[in-house]
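For reference, the structure discussed in these notes is given below.
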Amino acid sequence: MIGSYIKTATRNLLRNKLFSTINIVGLSISMSVGLLLIAFVLDLRSYDRFHQNGERIYRVTSVLSANKQQSRSGDTYASASLKAGKLIRERVTGIDRHAGAEVTIMHDFAQDANVGGQTLPIKGYWAESSLFKVFTFPLLEGNPDRALRDPYSIVLTQTAARKLFGDEPALGKTVKIDTLDYQVTGVMNDVPFFSHIDFEALVSLSTFEQLNRNDPTFDSWTNIGLTYVYALLPENANLMAIQAQLDAIAREENRADKSALIHLELLPLYDIVVGNELRDMRGAVRRHMPPAMLWLLSGLALVVILSACFNYTNLSIARAMRRFKEIGLRKAIGAGRGQIGQQFLAEAILVSLVALLLSFVIFLLMRPQLINLAPEMQRTVKLELTLTMVIAFIVFSVTVGIMAGFVPALFLSNIGAVQAFRNSSLANGSKRLTLRRALVVVQYTVTLIFITATAIGYVQYKNILAFDLGFNTANVLNINMQGNPPEALLKELSEVPEVTALSRSLIITSVGNAWGGYMTYDDSRDSALVLTNNVDENYLALHDYKLIAGSNFKARPTTAAAATEVIVNQQVLKRFHIGGNDPEKAIGKSVTFRNRQGARRMTIIGVMKDFHYGKVDNLIEPVAFMFWTPGDRAILNVKLQSTDMLATMAKIESIWKTIDRVHPFQAKFYDQEIEEAYSDLSTLIKIIGFLSLLAISIASMGLFGMVVFTTETRLREVSIRKVMGASTASVVYLLSRNFLVLLSLSALVALPVTYLFFERIVLTRFPYHTPVRLAELVVGLAAVVLIACVLIGSQTVKAARSNPAEILKGD
């Protein structure tokens, strides 16, 4: 029976080459999107699955509320404090003690390793030996129980060991980092690609404790910016009981440390990469995809696939009259409704499987384009073929075939034998026509939404890049000093003619980076998180910040403790009601600022106009500038004026190489940094634009097929009308009128829906967005109408110009 279905389906496909081509090409284009999405999702779902106990590993996250609200409302951070890790180990029962229970790792280990007189940069984490019990990172050499136990112990990956020691054995060797010697106590396999944490080296956490033993704040309850805490729970663990113990720890510590209110929560390991987005103060673990984004991409892919399915349904139902006799004959010799339905489902599945072959070729061509959309994409997915992926592709193809063929199979299997032999239009012919029209309207409505969304998104993206941040970024080059003192480079660059100004800063603002601490004013119980940047006396002028009261920095402190001057924005005054929110009266007022360096009493010497410290989708927050000191890491800000920027960049890079021969030159223009900060938005717009192109291509192929079929079936009518004196223009209008009405209905639905979707949902995330304009709404409609008119006109004019004598001579 299956062989009969396949043989009949093949004959039918070959008999109707045009419609078969439209269906196969349309399905293959849309299915290639589905294949990319399947590969993308499978890659994301592959993260951390190599850990043997991955389903039992949880990360402890922190919910931070600086205003002392007794609730869990606030920002959720991916990290926790070092003290939280110790308290969990000591107090929480219900954790798998035998397996190592808990591991604390700290990021920001990025040092220069010196081996045999050769200096090479190396990055990694500070970690405990229990890491090898909680996670599955096999050691090739060394004892996992002892490898990270003692201070100044280091474990290298295979690649890092080869980079430092070549082909010589690394175990037991010494690596000099700064002025200290670290012993290699283990060599492990390279970290798998699909791991949410990536490193070249692990250094014992006890080393960090030794180096910071004189810092009383490094293990404070509120110092949550550096540490990640993971716990391995036993099978069938009571999560509610463990959460209650975490709540008890948080209550006790919050009473002791009143600067902020912190709650601890458990996050499953498998929900780190695909899960709700968490704040990360230092951005160490960046591989992340919000579930909402996956749902959005899945929905968009499904819409494109359904568009191709609509084509199949429309063309199959339109051609149904030509197959009435075939259906009647089958029913006359005993075929039931189920067998007729199976026949047409088999045809749809066969078309889908043939389309799968072509879609796989398209998938291979589009895969590198998707990966190269953004640097973050290259670090997140590989899209390499696996057996699971191939099976998923085949199942997906069969599913698409069933979706495409379900309605035609249902419709054609309900035709009676007598009606079929009469070749009648059936009693439900009007319903059939209504269904076809409805499918065309839905298809073009979705296509218009796609194109209009792309136009609006692109305009909004460009407006974001050109948004007035409150300071000037033009021709500002930011150079990462990578641990080098900036004085030597400052001196060299000051002699370059194209350099017009120089300054130093701790971080680059307005691109998603954040630094900060807690500030209090009169009431020590009223603290607020204030975002900060450490800058020198040239920073404000170089970037054209607007001082509305007070002055620039006067003192030149050499240590953080000695830096007692602070310049704040207007939001700080509003938050604490300093000087009655009057900038002039706020000058000279004292505030207390507390971060991991300790608490400092500081004097407000200046008030600057509000600016965007964060990205444009964040509201303007309280910000304070403090003086940059030599203990801070340095970003060198270089203002350039050059007619040949490439030559100037080459000159600066050559100067860098005379100062640092180890680290590659890392410099980006501020505007480039801002553009990369919104790369996720740019990538999404590119994806939607690409899907728009596919949607309009598929819809156009379907429309072309429908127009060809309609004109073929109405040739006799057209000929008779021409014999009766109808003009070519009137015939063209007659044939195209219904299609243009359907397009108008689509526009009436799509444009208001898209407008409301952006204004009421999407753009509410961007408090400073520009309103959607009429031109952005109609540009997509104009493109669709133009394409549709070309397709409809090409066939209707051809039919209208046909010779009536040739058409009617056989009647």
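Being farther than 30 Å from T21 by Cα, crowded, with 18+ Cβ neighbours inside 10 Å, outside the structural domain of V616 (by TED's automatic domain parsing) and under 43 Å from the mean Cα position of the chain (by Cα): is that true of F704 here?
Numbers: farther than 30 Å from T21 by Cα: no; crowded, with 18+ Cβ neighbours inside 10 Å: yes; outside the structural domain of V616 (by TED's automatic domain parsing): yes; under 43 Å from the mean Cα position of the chain (by Cα): yes.
Here the answer is no, as F704 does not meet what is asked.
Checking L239, L232 one by one, the residue that is free of Cβ contacts under 8 Å to residues at least 40 places away in the same chain, of a type in the set (A, V, I, L, M) and under 19 Å from I57 (Cα atoms) is L239 and no other. Condition first: β-branched (V, I, T) and either assigned to a loop (DSSP other than H, G, I, E, B) or in the same structural domain as K546 (by TED's automatic domain parsing) (or both). Now tell me which residues in region 465-477 satisfy that. Across region 465-477, the qualifying residue is only T473.
Can you tell me which residues in region 595-628 are of a type outside the set (A, V, I, L, M, F, W, C) and over 23 Å from I224 (Cα atoms)? Working first, answer last.
Step one: of region 595-628, the residues of a type outside the set (A, V, I, L, M, F, W, C) are 595-598, 600-601, 603, 606, 609-610, 612-615, 617-618, 621-622.
If the condition is that a residue be of a type outside the set (A, V, I, L, M, F, W, C) and over 23 Å from I224 (Cα atoms), then T603, G606, K609, D610, H612, D617 are the ones that fit.
Of all residues in region 98-152, those satisfying the criterion of being among the small types (G, A, S), touching a Leu at 6+ places or on another chain (Cβ under 7 Å) and part of a strand (DSSP E or B) are A113, G124, A127.
Would you tally the residues in region 491-510 being aliphatic (A, V, I, L, M) and surrounded by fewer than 19 Cβ atoms within 10 Å (Cβ to Cβ)?
Just the residues of region 491-510 that are aliphatic (A, V, I, L, M), to begin with: 493, 496, 499, 501-502, 506-508.
With the extra rule that they be surrounded by fewer than 19 Cβ atoms within 10 Å (Cβ to Cβ), the set shrinks to 496, 501, 507.
Total satisfying the criteria: 3.
Residues that are at pLDDT below 90, in contact with a Lys or Arg (Cβ under 7 Å, 6 or more places away or on another chain) and farther than 27 Å from Q158 by Cα do not occur anywhere in region 120-127. Scanning region 474-490 for residues that are under 18 Å from Q641 (Cα atoms) and surrounded by fewer than 20 Cβ atoms within 10 Å (Cβ to Cβ) gives A474, N475, L490. On the stretch given as region 722-737, residues that are of a type outside the set (S, T, Y) and either in contact with a helix residue (DSSP H, G or I) (Cβ under 6 Å, 6 or more places away or on another chain) or under 21 Å from L781 (Cα atoms) (or both) total 6. No other residue among A563, A541 is buried (at least 21 other Cβ atoms within 10 Å of the Cβ) and either more than 22 Å from G614 (Cα to Cα) or in contact with a strand residue (DSSP E or B) (Cβ under 9 Å, 6 or more places away or on another chain) (or both) apart from A563. Residues in region 633-665 that are touching a Leu at 6+ places or on another chain (Cβ under 9 Å) and not aliphatic (A, V, I, L, M) were compared, and the one that is farthest from P485 (Cα to Cα) is T648.
So which of V395, V354 ends up being over 15 Å from A301 (Cβ atoms) and surrounded by fewer than 12 Cβ atoms within 10 Å (Cβ to Cβ)? Criteria check complete, one pass: V395. Of the residues making up region 471-529, just one is within 15 Å of D632 (Cβ to Cβ) and aromatic (F, W, Y), namely W515. Just checking, how many residues over region 763-777 are free of Cβ contacts under 8 Å to residues at least 24 places away in the same chain and β-branched (V, I, T)? Residues that pass the stated criteria total 1. Looking only at residues in region 727-748 that are over 49 Å from the mean Cα position of the chain (by Cα) and modelled with pLDDT under 75, the one that is surrounded by the most Cβ atoms within 10 Å (Cβ to Cβ) is V731. Please work out which residue is farthest from A634 (Cα to Cα), limiting yourself to region 566-580 and to residues that are over 39 Å from the mean Cα position of the chain (by Cα) and surrounded by 14 or more Cβ atoms within 10 Å (Cβ to Cβ). Going through the qualifying residues, I end up with G579.
Would you kindly identify the strands (runs of 3 or more DSSP E) lying entirely within region 479-550 that contain at least 1 residues that are without any contact (Cβ under 8 Å) to a residue 60 or more places away in the chain and among the small types (G, A, S)? Explain how you work it out, then say what you get.
Numbers: elements: 499-505, 516-520, 527-535, 547-550.
Those strands (runs of 3 or more DSSP E) span 547-550.
Consider region 166-199 and keep the residues that are surrounded by fewer than 17 Cβ atoms within 10 Å (Cβ to Cβ) and among the hydroxyl-bearing types (S, T, Y). The one that is nearest to I154 (Cα to Cα) is T174.
Among the residues of region 616-647, just one is at pLDDT below 95, buried (at least 19 other Cβ atoms within 10 Å of the Cβ) and more than 17 Å from T532 (Cβ to Cβ), namely V616.
Here is a yes/no grid of residues against (1) more than 24 Å from L743 (Cα to Cα); (2) at pLDDT 65 or above; (3) of a type in the set (A, V, I, L, M):
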position	(1), (2), (3)
F406	yes, yes, no
S413	yes, yes, no
R432	no, no, no
A438	no, yes, yes
V441	no, yes, yes
F450	no, yes, no
Q460	yes, yes, no
L465	yes, yes, yes
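Report yes if A170 is over 27 Å from L269 (Cα atoms), without any contact (Cβ under 8 Å) to a residue 60 or more places away in the chain and either β-branched (V, I, T) or touching a helix residue (DSSP H, G or I) at 6+ places or on another chain (Cβ under 6 Å) (or both), otherwise no. Judged against the criteria, A170 is a match.
Of everything listed in (1) at pLDDT 95 or above; (2) out of contact with any helix residue (DSSP H, G or I) (no Cβ under 6 Å at 6 or more places or on another chain), the single unmet condition for L573 is (2).
Scanning region 471-494 for residues that are under 24 Å from F109 (Cβ atoms) and of a type in the set (A, V, I, L, M, F, W, C) yields a count of 2.
The values are calculated or read from the model by the stated rules, or taken from the named source; none is laboratory data. Treat the numbers as computed from the prediction; the structure is a model and nothing was measured. Every residue, glycine as well, gets a Cβ built from its backbone with ideal geometry; the counts of neighbours run over all protein chains shown.
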